[in-house]
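Step one of this worksheet: look at the structure below.
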Number of protein chains: 2
Amino acid sequence: MSEFDLIDRYFGANAAAAAAAGAAGVVLGIGDDAALLRVPDGHDLVAAVDTIVSGRHFLEGADARAIGHRALAVNLSDLAAMGATPAWATLALTIPAANAAWLEGFAAGLLALAARHGVALVGGDTTCGPLTVSIQLLGFAPHGTALRRAGASAGDLIVVTGSLGDAGAGLRLAQTASAAVPAASARGGVDEPIQRELLRRFEFPTPRVEFGLAARGLASAAMDLSDGLVGDLPKLAGASGLRAHVDVEHLPLSAALRAFASADQARDWALAAGDDYELLLAVAPERLAALTEAAERCGLALTRIGRLGAGMGVDWRLDGREFLPNVLGYDHFR
Amino acid sequence: MSEFDLIDRYFGANAAAAAAAGAAGVVLGIGDDAALLRVPDGHDLVAAVDTIVSGRHFLEGADARAIGHRALAVNLSDLAAMGATPAWATLALTIPAANAAWLEGFAAGLLALAARHGVALVGGDTTCGPLTVSIQLLGFAPHGTALRRAGASAGDLIVVTGSLGDAGAGLRLAQTASAAVPAASARGGVDEPIQRELLRRFEFPTPRVEFGLAARGLASAAMDLSDGLVGDLPKLAGASGLRAHVDVEHLPLSAALRAFASADQARDWALAAGDDYELLLAVAPERLAALTEAAERCGLALTRIGRLGAGMGVDWRLDGREFLPNVLGYDHFR
């Protein structure tokens, strides 16, 4: 099967549907040298790019559907953090061989998530090489409304969506499964449904797109948690030239995570594991109630974990005492 | 050096310059979850993506500067084929290790070409893995003016810019050099300057951006020659539901290629070698003179190589006789 057939076969249906729909601003989709797109009047274009690599961002031999989902989810999460409406994606896919079953799963995972968010695939490039998936996602936001990392003030509260650390536990479960360790010993007898929930959090992260849109005009700064709180929070605080004060005991832990892991292990994952793709935001105290309501309308919990003040860096506290996380945010070159 | 330091160190200057310039429509560049960009009123957004992989699109151990140049050039060529003004790029870079000397060369090659075309790097993602470079290039064109592959009519002439096959010869020279074959025997005694010129055509392709802009309103269809004429021409003709008739003896060959290769070898490279990044266009006969003048203003030759008629596929003729190219267009999965 040729490169061109591959693209047609697995992504052509989405491209054709997008072209037929027309409404999404796709003037010309897949099949030319470039796509032609129309950004609505009065809006800025928002562009994100994220690459996932086998053995780094997902396990070798991971489910193809989960890889397709993740490749788009990590980019949707970036647009969520900007409060932008996702619209168009291009896919740069490098695969070691043209395996039809793998491609079918990959396309299904990617396109299902794309459909859920009204994203049209408008361009692609397939090359042969070690498995690497790079997606650029384009969207838009009315002029001047996009959320940024910078823009917070001293006194703003630090909040996070959902729960932290679940993906860390899910990664551990996935590693255990792929190492074929006997289930009972590895999983410590924790219920199957709990394990499945944690694994799902790692394999099929849910980007907080709807909430990101709702947070426009309410949050003073935002970013997504892809590298873990310990790695990401200094970036959020630093972008506004502020110091973050965090009450570590307030980090939101899911019931599943509490059931699965010791308190110390759960805290470590909540602090440092990547892949949660929750949003981290700063909000003025007088807007906290409105932002919390916005989150609830999206079916999301919003938890206050600290505040911003003058200075730099992060002041981690556990039950009022100074606390030094014994973990580092994820860095591909550490 | 961390991932974040890397991006800052080698691409920060360009990002800062782009932000300072402001004029190029960059509202917010590198350093947030996504970039904010402003497409001029009355214009469509044009988006292309192309990936280059070590050992596939460039030789293992190729000069880092040439790799950086190529990664952007292949995308600029796509925008040239659309008649679009390039504006913003995002870079997804996967490298096996954080090698400072390599990154410096890579960034220099990429940013020099970006500066020449007024392109701002507005986002990036660096991951660790086998060397793969994926760039998405964004640009714009006034509504309804972009050149497409489709749109040609029976009777339109088929033309190409510049000369064909040089990059095929350049690739052969690069392979010879990397295999450390003694220079004299490998190069058949051809002059050094000729070899350098052919090697340059392969290593530092020149995207025909200026001519692409000039061809708007004149050409009826266009694409770039990245996979070789034998692979690409059927796509151009097919997009308009037409058959291409080509006079192979009219393919433009450079003096360097004629000096370097036998007539048969030169013809094979002109027909089938990829990487020339010339433009292939269809033009109504009454507009040929104007399109030729436009090319001359860009310092480019424009050569008529055939015409389009009813039917499908390609009718290759050499000196009036039927001709079957003994070569295939480049396909990564062949």
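Going residue by residue through region B:114-125, is there one that turns out to be more than 8 Å from chain A (Cβ to nearest Cβ), closer than 17 Å to A:THR90 by Cβ and assigned to a strand (DSSP E or B)? Looking for residues that are more than 8 Å from chain A (Cβ to nearest Cβ), closer than 17 Å to A:THR90 by Cβ and assigned to a strand (DSSP E or B), one finds at least one in region B:114-125, hence yes. The one condition from (1) open to solvent by 20 Å² or more (accessible area, probe 1.4 Å); (2) not in a helix (DSSP H, G or I) that A:MET223 does not meet is (1). Among residues that are assigned by TED's automatic domain parsing to the domain that holds B:LEU28, at pLDDT 90 or above and on the phi < 0 side of the Ramachandran plot, B:ALA107 is included. Residue count for region A:300-314, restricted to those that are surrounded by fewer than 14 Cβ atoms within 10 Å (Cβ to Cβ) and part of a strand (DSSP E or B): 0. Restricting A:GLY109, A:GLY165, A:GLY155 to those that are open to solvent by 10 Å² or more (accessible area, probe 1.4 Å) and either closer than 30 Å to B:LEU28 by Cα or away from chain B (no Cβ under 14 Å) (or both) reduces the list to A:GLY155. With respect to the stated conditions, A:ARG287 fails to be loosely packed, with under 15 Cβ neighbours inside 10 Å, at pLDDT 95 or above, basic (Lys, Arg) and farther than 30 Å from B:CYS128 by Cβ. Region A:3-54 holds strands (runs of 3 or more DSSP E) entirely within its bounds, and those carrying 1 or more residues that are within 24 Å of the chain's Cα centre (by Cα), at pLDDT 65 or above and more than 7 Å from every other protein chain (Cβ to nearest Cβ) map to A:43-53.
So, of the residues in region A:168-178 that are of a type outside the set (D, E, K, R) and open to solvent by 70 Å² or more (accessible area, probe 1.4 Å), which turns out to be modelled with the lowest pLDDT? Per the criteria, the residue is A:SER178. Within region B:268-280, the residues that satisfy the criterion of being buried (at least 23 other Cβ atoms within 10 Å of the Cβ) and not in a loop (DSSP other than H, G, I, E, B) are B:TRP269, B:ALA270, B:LEU271, B:LEU279, B:LEU280. Among the criteria (1) open to solvent by less than 40 Å² (accessible area, probe 1.4 Å); (2) in a helix (DSSP H, G or I); (3) farther than 20 Å from B:LEU199 by Cβ, the one B:VAL246 does not fulfil is (2).
For region A:93-105, the set of residues classified as surrounded by 18 or more Cβ atoms within 10 Å (Cβ to Cβ) and either assigned to a loop (DSSP other than H, G, I, E, B) or touching a strand residue (DSSP E or B) at 6+ places or on another chain (Cβ under 8 Å) (or both) consists of A:LEU93, A:THR94, A:ILE95, A:TRP102, A:LEU103, listed by residue number.
The values are calculated or read from the model by the stated rules, or taken from the named source; none is laboratory data. Since the structure is predicted, the reported quantities are computational estimates derived from the model, not experimental observations. Reconstructed Cβ throughout: ideal geometry from the backbone, glycine too, with neighbour counts over all protein chains shown. Heavy atoms of the whole protein, side chains included, go into the accessibility calculation; ligands, DNA and RNA do not. Shrake-Rupley method; radii C 1.70, N 1.55, O 1.52, S 1.80 Å.
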